[in-house]
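Participant: Take this structure first; my questions come after.
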Amino acid sequence: MNVAVIGGGGREYALAKKLAQSTRSDIVYAIPGNDGMKEFAVTVPELSETDCRGIGDFCLDNDIQWVVIGPEASLEAGLADHLEELGVDVFGPKKHEAKIECSKAFAKDIMKRYGIPTASHRMFTDQDSARDYINETGAPVVLKKDGLAAGKGVIVAMDMAEALAGIEILKPEQDAPVVIEEFLEGEEFSLMVLVNGPYTHSFEIMAQDHKRAYDGDTGPNTGGMGVYAPVHHIDESLRQEAVDKIVEPMAQAMVDEGLDYFGVLYLGAIVTRDGVKVIEFNARFGDPEAQVLLDLMEDDFIDVLEKVKAKEPFSLNFRDGYKAGVMLASGGYPAAYEKGCEVDFSTVRADCAVSGLKQSGDAWRTDGGRVLLVTGEGRTIEEAVDAAYSNVAQITFTEGDLFYRQDIGGRALKG
């Protein structure tokens, strides 16, 4: 069968590669895709990821049977709604269901009403009220832009100066609310959940992302600077607690709210002294988690999609050992950065997931903020991290053009 992946980043690179490995796929289209995907997919750069009508026509013209939506912008644009109307099987929630990610206030409201453990919060639509609230409650505190912000609309303010500055940056307004949350302290993990109405299948392994830009979890939030899986220093009982007290109740809550969610639900969770709580929900695979988890997964991904569609029970199988990924990002990211800087990763090409690079002849040049996830694998987390950084060392670029964290996997290494 012909299948398509919507999007052009590292997550979509991983999805397209996984679908191309399926014994059931004939042609994999990546819309718009990126140059790194051309090795295993047909890219369609003339279509944007939010062009619902254009994508729908393309799917019908090319006999595409399954579409997997990668980015949140496509979900918010209503692409799943449009494709479903055309009779195309689509893995990704419809526009209203995607509000679980696209609106922090929407998600918080459901969690509060159904008793799903998360940080206490208030929503603000003007700067004065938000400022007064922070002056009253103090810091640390977390500020979140209500809409989509590519993982960068979150400010973790550890003191009053940062918190008040965050109000000036996020600028709460009537049509652009800001959610201010209680700061939760503890160990974080990511859990991917396949959802079809009340049916859920949580991944059997956890991953751990590194959101902050710089070593030691400092600097601004990003889309993700590195990842590893599985996470074994967080006990399996805590993953199961997340399933029992968060995942399954949330799926049922959405059904009770009249929502018909079909797709992956990303749970960003934190282990606190009061148990596991929700940091955030996303309506799509995590990036860079997808690049590691999908590679470790041994199952045929089309088979998995069809089992979720049919609400069949099954188990996912993952390779033994560990996989770690280090993100190379453009200098200046997540703020302003230059494009067009040359990168040579030819010696470790097989261990890289391309997200923001463009091919120019034989050369590769930067074309985004996060440009390349460099991975390594091993029997232990130490071996996997060492392999990833060994591969990073083989990549050549001009100093200052790119940067990366040097402490990926640090929490696991400490045990």
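Read-outs: derived from the displayed coordinates by stated rules, not from any lab. Model, not experiment: these values are computed from the prediction. As a convention, Cβ positions derive from the backbone with ideal geometry for all residues, glycine included, and neighbour counts pool all protein chains shown.
Participant: Net charge within 9 Å of A176 by Cβ-Cβ distance, Lys/Arg positive one each and Asp/Glu negative one each, not counting A176 itself?
Facilitator: In short, -1.
Participant: Highest first, please rank the peptides 37-45, 98-106, 2-10 by the mean number of other Cβ atoms sitting within 10 Å of their residues.
Facilitator: Final packing ranking: 2-10, 98-106, 37-45.
Participant: 5 Å is the cut-off here: which amide hydrogens, built 1.01 Å from N in the peptide plane, fall below it relative to E280, excluding neighbours closer than 5 in sequence?
Facilitator: Under 5 Å from the amide H of E280: G268.
Participant: Still on this model: Report, in whole Å, the centroid distance computed from the Cα atoms of segment 250-294 and segment 297-315.
Facilitator: 18 Å
Participant: Could you run the Karplus curve 6.51 cos²θ - 1.76 cosθ + 1.60 with θ = phi - 60° over segment 236-241 and give me ³J(HN,Hα) per residue in whole Hz, x for Gly and Pro?
Facilitator: With coefficients 6.51, -1.76 and 1.60, one gets 4, 4, 6, 4, 5, 4 Hz.
Participant: Here is a follow-up. Just the number, please: Stokes-Einstein D of segment 187-309 in µm²/s, Kirkwood Rh from C-alpha pairs, 25 °C, 0.890 mPa s.
Facilitator: My calculation gives 163 µm²/s for D.
Participant: Could you give each residue of segment 30-47 its phi-based ³J(HN,Hα) in whole Hz, using Karplus coefficients 6.51, -1.76, 1.60 with θ = phi - 60°, and x for Gly or Pro?
Facilitator: Rounded to whole hertz, the list is 10, 10, x, x, 9, 4, x, 7, 4, 5, 9, 9, 8, 7, 10, x, 6, 9.
Participant: In the chain, with Lys and Arg counted as +1 and Asp and Glu as -1 at Cβ, which of these residues, L47, V255, M206, has the Cα nearest the positive end of the dipole, that is, farthest along it?
Facilitator: Comparing the listed Cα positions along the dipole, M206 ranks first.
Participant: Also, I was wondering about something else. Which of G286, I110, A157 sits farthest toward the positive end of the charge dipole of the chain, with +1 on the Cβ of Lys and Arg and -1 on the Cβ of Asp and Glu?
Facilitator: A157
Participant: Hey, what's the Kirkwood Rh for segment 2-92 if you take every pair of different alpha carbons, in angstrom?
Facilitator: 12.4 Å
Participant: I want the local charge near K38. Using Cβ-Cβ distances under 15 Å, sum +1 for each Lys or Arg and -1 for each Asp or Glu among the other residues.
Facilitator: Overall, the nearby charge balance is -3.
Participant: How much net charge surrounds D63 when only other residues with a Cβ under 15 Å from its Cβ are counted (Lys, Arg +1; Asp, Glu -1)?
Facilitator: Overall, the nearby charge balance is -3.
Participant: How much length, in nm to one decimal, is gained on full extension between R273 and E204, taken as 0.36 nm per residue of separation minus their Cα-Cα distance?
Facilitator: Full-extension gain reported as 22.5 nm.
Participant: Please compute the length gained on full extension between E168 and R379, using 0.36 nm multiplied by the number of residues separating them and subtracting their Cα-Cα distance.
Facilitator: Extra length from E168 to R379 when fully extended: 71.3 nm.
Participant: Put a dot 7 Å past each Cα toward the Cβ at S237 and Q406; how far apart are the dots in nm?
Facilitator: The modelled label-to-label distance comes out at 3.9 nm.
Participant: Need one number for segment 322-414: average projected area of the convex hull over its C-alpha atoms, nm².
Facilitator: 5.9 nm²
Participant: For K311, go through the lysines and keep the ones whose alpha-carbon is under 26 Å away, minus same-chain ones fewer than eight residues off.
Facilitator: Qualifying lysines at Cα under 26 Å: K17, K18, K94, K95, K99, K245.
Participant: Continuing with the same structure: Can you give the helix-only mean residue ellipticity at 222 nm for the chain, where every DSSP H stretch with n ≥ 4 adds -39500 (n - 2.57) and the sum goes over all residues, rounded to the nearest 500 deg cm²/dmol?
Facilitator: Mean residue ellipticity at 222 nm (helix-derived): -8000 deg cm²/dmol.
Participant: Expected output is a single nm value to one decimal: the length gained when fully extending between R212 and E248, i.e. 0.36 nm times separation in residues minus the C-alpha distance. What is it?
Facilitator: 10.0 nm
Participant: Also: Send over the Kirkwood Rh of the chain, from the inverse of the averaged 1/r over different Cα pairs, rounded to one decimal Å.
Facilitator: Radius from the Kirkwood sum: 21.7 Å.
Participant: Magnitude of the Cβ-charge dipole of the chain, K/R +1 and D/E -1, about the Cα centre, nearest 20 debye?
Facilitator: 240 debye
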